[in-house]
Amino acid sequence: MEQFLTFLVSFMGGGVLAGAISWARIDRSERQTRKSDYLKSQLDKLYGPLYYFVSQNEKLFDLNDKLMTAYDIEFVGKTWSQEPVTQKNLKEETTQTIDIANTYVKIVTENNKKIVRLLQEGAEYIDPGDNDVFQDFVINVLRLDVERDETGKMVTPFMIYKQVGDITFMKGEFKDTVKQKFTVKLDDLKKYH
């Protein structure tokens, strides 16, 4: 009888232990699935689109810089004929170059507004540590809207503007945060698949 009771207790204990191990594995698997699903949502709904627009803005700024560098090389510091035809052609070419460069900046401005919408609509996917950097970006976009007229000219008095601080289209900290987080989250997601 003692041997039977020992066998029964060990059998039941083994079953309880096996059940606990099984439960722990299921719980771990479910946590990993939830984490994987959340990472995928963060990438799909926030960090992926942010990465796309930030990368596009970088390329647009590069185009703008190349145009303005070419402008300086071709037009600045040179002596041009004062003939009306030369001056007319010069004015047309310089205006065209500046207009093209400004168009790229306008596209960056439109992209920035799309980024603000992404941040507003995907706020639940923002990592808490990114909030201040993202809020700073939004404030700069809002300032660009409020403190410039429809032609892009600053309306804030210069001395007031200097006291408040410069406005940027996209700070390096924002760009770096988005790119780094996108890469890390993508790598983390790959670990689950």
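Taking Ser81, is it at pLDDT below 95 and either hydroxyl-bearing (Ser, Thr, Tyr) or not in a helix (DSSP H, G or I) (or both)? In short, yes. Taking residues in the range 120-131 that are closer than 15 Å to Pro49 by Cβ, and partners anywhere that are among the basic types (Lys, Arg), the pairs with Cβ atoms closer than 6 Å and at least 6 places apart or on different chains are Gly122/Lys45; Tyr125/Lys45.
Remark: pairs (first residue in the range 174-186, under 13 Å from Ser55 (Cβ atoms); second residue of a type in the set (Phe, Trp, Tyr) and assigned to a helix (DSSP H, G or I); Cβ separation under 6 Å; 6+ apart in sequence or on different chains) = Phe174/Phe137; Val178/Tyr51; Phe182/Tyr47; Phe182/Tyr51.
The values are calculated or read from the model by the stated rules, or taken from the named source; none is laboratory data. It should be emphasised that the depicted structure is a prediction, and the values quoted were computed from it without experimental measurement. Ideal geometry is used to build each Cβ from the backbone, glycine not excepted, and the neighbour counts take in all protein chains shown.
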